[in-house]
Ligand code: FES
């Protein structure tokens, strides 16, 4: 495709061309109100029709889909970040002279330099950004948030940006960098100027004012740095950098520190202020989501990720092509400039189901690209997460009755940073909860950073029905309180159900109809020898009660392209199998359903299954003398047939043995019990991992899992079970042999050594290369 490629004639979303905020590359204008108001929606036509296009107006190739945006970020061989801080509007000669008069000499920073120099510096400067180090800033964030809310809690109406969201992140940023608070007022003015200067379109008159502000910002940063050099002891990233300079003067230079100081102030402060304002606007525009986090603050960490996905504060970033390279099917010449629009990727339906919908329970919300990805991923992401979580928690606890006031939102015109300039909210102070219950003031919950937020994504559902479906088997029907549609699921998916006061979480396969958007069904066997989860469900759960549930997730997916399938269910293992067989039936796939149990009365859903599957159902009830002989039943599998099995361990083990005679990959099983035991450092060896995307090298100690080591190095990875059961912590392996300890991968997948579960599996040798 070339810039002259035909432009789509009409917007598929908005119909008539005139009604659409943007149709076609020729009309793309990142400074238009359409883009500034809602950049992801503005680019929807591109995601759907022309995902990589050339903007004549900007002189940039615009990249809009998730996989392409991530692909450009991860490819530091073909793409350079050298233009990330380049001025979009070249300054006039006069403006240049003004900045030169201040000695302005912004140089390379961690944001815009190439490898290998970048990684060498990043490694040296990373220490204060690890989750452990970042957690130390929580008390300050909480104290400041409380003090600022105190100032306006009785006002009933406030501009949150003005009253809190600008100054608190700035103060935290200054502390993080090790700067005194006294310079705050000037820095505030200067940092906006820096944004306009680099990413905006200032008019010739504005350019001079901006040039003076940027020059002042530069000079101030220099003075502050000099002060620190006199005494670089104590906390703060810049002081840490000065100490690193003493040890590695060739890597961390003077000009580098000066540039980093200036860039760091903007990066650490403005992006967080904007992200918080975006998140609050989004949540207050969705009162049911706001109500949920007010009632259950444990949802906040995942809500933060979902808000960052839907409305992050850095919407686009830049790269330049070092080689001829293909992106999204488009050949780009050497020197092409790219505008990679993360916020568009975050709205890509191919990655996020129902992408336009705010779903604070979304399972993969944390996969957003708002912090970038790869070797240049935002170093301060965990500080931003910490602040967002604390601010949302403090505001939702103290002002749950807050609502958006009528207003028109405005944004500073630029291509990269986005957040409302004002956020007016109002409430009735007479209803402030702390007037009735002052104890609420001191409440708080721990922040979650450097760990998966999936555990904090549970949704509250109402028990709409309880029905015995066999001896000791109870079916639970769950619905949203307000009848809202529930997340879509596919056969084989399971949910995690929290069992009330027992503190236990149990995984149950979904067994209802995936086409029914209003309810989810699971069937639970009362396990006499269990740890209490099923006992609680059978004896304590009542219709009308609310339960917390995570998912659905599917690690036992049904391959709809297979010509034939054999389903094998043992006992309560019928639940995922029943949903799969229903799907096979509706697709017209040739299938047989084997269902075995020790007693007919203990086997759930037999009548329904018989009515649905007729002759295809083979019932093996031992008490009726119909014991299953799978060696015989599965002797002659049709070509290309897949065997799906779920049931007791001994059944799965027997099938595993039989599968030795089948083509690799034929048997697919669902297990709810991990194989990996507790980590025993005495029996393990340490190993090294190299991360191809971020360029890091990490040592995994004998007493550490790979997942723990990656998180400690600031790498974001989802996880859930941490037992090798669920597959959520999977990483791609590029080199090295894996010692697999999960129960997710099939023998075929294990033999390929191209992926592994980072929570339990390790290196068989001493080194692995991972695509991270
Ligand atoms: Fe579940 Fe690793 S977290 S397999």
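The values are calculated or read from the model by the stated rules, or taken from the named source; none is laboratory data. Note that the structure is a prediction, hence the values are computed from the model and not measured. Here the Cβ is made from the backbone with ideal geometry for all residues, glycine too, and neighbour counts use every protein chain on show.
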Quick check: is even one residue across region 556-566 assigned to a helix (DSSP H, G or I) and in contact with a helix residue (DSSP H, G or I) (Cβ under 7 Å, 6 or more places away or on another chain)? no
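On the basis of being crowded, with 21+ Cβ neighbours inside 10 Å, outside any loop (DSSP other than H, G, I, E, B) and within 10 Å of the ligand (Cβ to nearest atom), does residue 707 make the cut?
Numbers: crowded, with 21+ Cβ neighbours inside 10 Å: yes; outside any loop (DSSP other than H, G, I, E, B): yes; within 10 Å of the ligand (Cβ to nearest atom): yes.
Spelling it out, residue 707 is indeed crowded, with 21+ Cβ neighbours inside 10 Å, outside any loop (DSSP other than H, G, I, E, B) and within 10 Å of the ligand (Cβ to nearest atom).
Go through the residues of region 457-466 one by one and say whether even a single one is touching a residue at least 24 places away in the same chain (Cβ under 8 Å), surrounded by fewer than 21 Cβ atoms within 10 Å (Cβ to Cβ), touching a helix residue (DSSP H, G or I) at 6+ places or on another chain (Cβ under 8 Å) and over 25 Å from residue 612 (Cα atoms). Spell out how you get there, then give the answer.
Quick first cut of region 457-466, residues touching a residue at least 24 places away in the same chain (Cβ under 8 Å) only: 457-466.
Going one step further and asking which of them are surrounded by fewer than 21 Cβ atoms within 10 Å (Cβ to Cβ), we end up with 460, 462-466.
Applying the additional criterion that residues be touching a helix residue (DSSP H, G or I) at 6+ places or on another chain (Cβ under 8 Å) yields 460.
With the extra rule that they be over 25 Å from residue 612 (Cα atoms), the set shrinks to 460.
Scanning region 457-466, I find at least one residue that is touching a residue at least 24 places away in the same chain (Cβ under 8 Å), surrounded by fewer than 21 Cβ atoms within 10 Å (Cβ to Cβ), touching a helix residue (DSSP H, G or I) at 6+ places or on another chain (Cβ under 8 Å) and over 25 Å from residue 612 (Cα atoms), so the answer is yes.
Is it the case, given these coordinates, that residue 692 is surrounded by 15 or more Cβ atoms within 10 Å (Cβ to Cβ), in contact with a strand residue (DSSP E or B) (Cβ under 8 Å, 6 or more places away or on another chain) and in contact (Cβ under 8 Å) with a residue 60 or more places away in the chain? Spell out the reasoning first.
Details: surrounded by 15 or more Cβ atoms within 10 Å (Cβ to Cβ): yes; in contact with a strand residue (DSSP E or B) (Cβ under 8 Å, 6 or more places away or on another chain): yes; in contact (Cβ under 8 Å) with a residue 60 or more places away in the chain: yes.
In short, yes.
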Test set (1) out of contact with any helix residue (DSSP H, G or I) (no Cβ under 7 Å at 6 or more places or on another chain); (2) more than 16 Å from the ligand (Cβ to nearest atom); (3) not in a loop (DSSP other than H, G, I, E, B) - residue 749 fails condition number: (2)
Considering (1) in a loop (DSSP other than H, G, I, E, B); (2) touching a helix residue (DSSP H, G or I) at 6+ places or on another chain (Cβ under 7 Å); (3) within 14 Å of the ligand (Cβ to nearest atom), say which one residue 714 fails and leave the rest. (3)
Consider residue 665 against the criteria (1) touching a strand residue (DSSP E or B) at 6+ places or on another chain (Cβ under 9 Å); (2) within 16 Å of the ligand (Cβ to nearest atom): it satisfies all of them except one. Which criterion is unmet? (2)
Filter region 92-140 down to residues that are surrounded by 15 or more Cβ atoms within 10 Å (Cβ to Cβ) and free of Cβ contacts under 8 Å to residues at least 40 places away in the same chain and give me whichever is farthest from residue 384 (Cα to Cα). 114
Subset of region 425-457 [modelled with pLDDT under 90, part of a loop (DSSP other than H, G, I, E, B) and out of contact with any strand residue (DSSP E or B) (no Cβ under 7 Å at 6 or more places or on another chain)]: 437, 443, 444, 445, 446, 447, 448, 449, 450, 451, 452, 453
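Do we find that residue 299 is without any contact (Cβ under 8 Å) to a residue 40 or more places away in the chain and more than 23 Å from residue 410 (Cα to Cα) in this structure? Let's see the steps before the verdict.
Numbers: without any contact (Cβ under 8 Å) to a residue 40 or more places away in the chain: no; more than 23 Å from residue 410 (Cα to Cα): yes.
So residue 299 does not fit the description; no.
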Hey, which of the helices (runs of 4 or more DSSP H) in region 228-301, taking only ones fully inside, have at least 3 residues that are under 20 Å from the mean Cα position of the chain (by Cα)? 271-285, 287-295
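The rows are residues; the columns are (1) buried (at least 22 other Cβ atoms within 10 Å of the Cβ); (2) in a loop (DSSP other than H, G, I, E, B).
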position	(1), (2)
305	yes, no
309	yes, no
347	yes, yes
350	no, yes
Quick one: count up the residues across region 752-770 that are under 25 Å from the mean Cα position of the chain (by Cα), away from the ligand (no atom under 11 Å from the Cβ) and surrounded by 20 or more Cβ atoms within 10 Å (Cβ to Cβ). 4
Which number in (1) surrounded by 18 or more Cβ atoms within 10 Å (Cβ to Cβ); (2) modelled with pLDDT of 90 or more; (3) within 15 Å of residue 466 (Cβ to Cβ) marks the one condition that residue 567 misses? (3)
Pick out the one residue from 700, 733, 744 that is in contact with a helix residue (DSSP H, G or I) (Cβ under 7 Å, 6 or more places away or on another chain) and either more than 18 Å from residue 449 (Cα to Cα) or surrounded by fewer than 19 Cβ atoms within 10 Å (Cβ to Cβ) (or both). 700
Out of 684, 723, 690, report the one residue that is farther than 15 Å from residue 770 by Cα and away from the ligand (no atom under 14 Å from the Cβ). 684
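Do the conditions hold for residue 744, that is, is it in a strand (DSSP E or B), in contact with a strand residue (DSSP E or B) (Cβ under 7 Å, 6 or more places away or on another chain) and either closer than 22 Å to residue 76 by Cβ or within 16 Å of the ligand (Cβ to nearest atom) (or both)? Walk me through it before giving the result.
On the way: in a strand (DSSP E or B): no; in contact with a strand residue (DSSP E or B) (Cβ under 7 Å, 6 or more places away or on another chain): yes; either closer than 22 Å to residue 76 by Cβ or within 16 Å of the ligand (Cβ to nearest atom) (or both): yes.
So residue 744 does not fit the description; no.
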Mind listing whichever residues of region 730-741 are within 13 Å of the ligand (Cβ to nearest atom), more than 19 Å from residue 697 (Cα to Cα) and without any contact (Cβ under 8 Å) to a residue 60 or more places away in the chain? 740
Scan (1) surrounded by 20 or more Cβ atoms within 10 Å (Cβ to Cβ); (2) at pLDDT below 90 for the single condition residue 70 breaks and write down its number. (2)
